[in-house]
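Report on one structure; see the data block that follows.
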Amino acid sequence: MPDRAAVLAALDAVADPKTGQGLVAAGLVQGLTVADDRAGFVMEVPAGETALYAPVRDAAEAALKAIPGMARVSVVLTAETAPAAKPARRASLSPQAVDQTRPKAPVPTDRPAHVRRVLAIASGKGGVGKSTVAVNLAAALAGRGLSVGVLDADVYGPSLPTMTGVSGKPEYRDGMMEPHLAHGLRLMSVGLLTEAGDAMIWRGPMASQALTQMLTQTRWGTEERPLDILVVDLPPGTGDVQLTLIQKTPLDGAVIVSTPQEVALADARRAHRLFEKVGVPTLGLIENMSGDVFGRGGAGAEADRLGVPFLGDLPLDPALREAGDAGRPLVSADPDGDIARRFAVVAARVADVLGV
């Protein structure tokens with residue numbers, strides 16, 4: 001496995017054509033990620049100089065590929081945007097989220113302004129349908145007459161724009177970003193602040209800054225009409241983004257999503273322990289993709305072992321996937337269907353515990 005020192009040495013052996021220094025010394029290596037058999041970084045150059053640096057990017061990729069054990073490399077060459085005439089201002093990622101060496105974004109001392117409750121949706125493991133559950137549960141809560149927002153906190157793989165059919169950068173008014181409105185929900189995602197094809201090659205602090213910006217600089221509600229519940233769709237794992245949310249925003253509870261088999265339940269267990277250690281109540285487990293393929297009953301049994309409520313099961317239903325791909329939560333697309341009724345039960349239990 002290549003180590004970080006070997007990667008830095010290889011990149012410093014590639015010269016910056018303007019200064020003659022190595023790429024690291026010249027400050028051209030941003031957001032460096034080294035993991036297992038892969039490495040990647042962003043090279044940002046002045047506007048109009050991409051042609052000059054294109055061979056440098058190729059040389060950097062070649063240098064990384066020459067490191068023993070290196071299987072995959074990614075060097076993204078991007079140019080600083082030249083100033084242009086100002087049309088209506090649109091929201092974008094703050095410099096704090098892009099470069100951790102610049103001044104840090106505001107750090108909240110309380111939950112986001114005009115938000116009554118913050119609910120985290122977690123899994124510990126990717127691929128269990130957590131984002132699908134988060135969006136449909138939010139829609140079910142909105143169906144109870146509540147004001148609901150969804151924050152897509154999976155900064156490395158944002159899926160909210162696809163699953164809700166929203167696109168385009170949010171408007172920016174009076175120092176705050178305006179969330180998109182769709183399906184009765186207020187929506188914000190890093191996928192709305194970047195280009196669709198961008199690769200998120202970010203270190204942990206950079207991802208945390210992006211989350212802080214979306215939490216604190218989005219107009220989720222107003223003093224006259226506060227948001228009842230902010231549903232936060234967390235990324236898989238128990239890393240920087242989860243810790244940022246826990247440390248900077250008081251959470252009123254967490255719902256953990258798992259498929260029935262042990263390989264997923266083990267990670268759900270870890271997610272519960274994380275919330276337990278920091279004093280965030282686990283409101284319950286949801287079993288997703290229940291059926292002949294992945295089995296049945298695993299999450300219910302795990303909930304009993306952990307001493308937390310079992311909120312219900314969701315069958316492996318292609319309609320859920322089809323609705324997500326079409327940009328409309330199934331709860332909204334088929335409000336009288338079996339899946340919508342199951343989500344309504346979960347939403348009632350969650351709303352009752354949260355007192356909304």
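Throughout, read-outs are computed from the coordinates displayed, never taken from laboratory work. Since we're looking at a predicted model, the values are computed, not measured. Cβ sites come from the backbone with ideal geometry, for glycine too, and all protein chains shown count toward neighbours.
Listing for the model above:
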| quantity | calculated |
| --- | --- |
| Other-chain or far-sequence residues with amide H under 5 Å of Ser74's (modelled H) | Ala39, Gly40, Phe41 |
| Fully extended contour minus Cα-Cα distance, from Arg341 to Met176, at 0.36 nm per residue | 55.8 nm |
| Peptides 15-28, 250-263, 174-187 ordered by average Cβ neighbours within 10 Å, highest first | 250-263, 174-187, 15-28 |
| Asp352 versus Ala71: modelled label distance in nm, points set 7 Å from Cα along the beta carbon direction | 4.9 nm |
| Segment Gln261-Asp58, extension gain: residue separation times 0.36 nm, minus the distance between their alpha carbons | 68.7 nm |
| Eligible aspartates and glutamates near Lys65 by straight Cα distance, threshold 15 Å, same-chain separation 8 or greater | Asp3, Asp12, Asp36, Asp37 |
| Order by protection proxy (mean Cβ within 10 Å, highest first), peptides 127-140, 216-229 | 127-140, 216-229 |
| Separation between Cα centres of segment 333-356 and segment 1-76, rounded to whole Å | 49 Å |
| Rounded to the nearest 20 debye, dipole of segment 1-85 from Cβ charges on Lys, Arg, Asp, Glu | 100 debye |
| Other-chain or far-sequence residues with amide H under 5 Å of Lys125's (modelled H) | Gly237 |
| Rounded, prolate or oblate (a/c below 1.5 giving rounded, otherwise prolate when a/b exceeds b/c) for segment 291-330 by Cα gyration tensor | oblate |
| Residues with amide H under 5 Å from that of His180, placed H, sequence gap 5 or more | Leu187 |
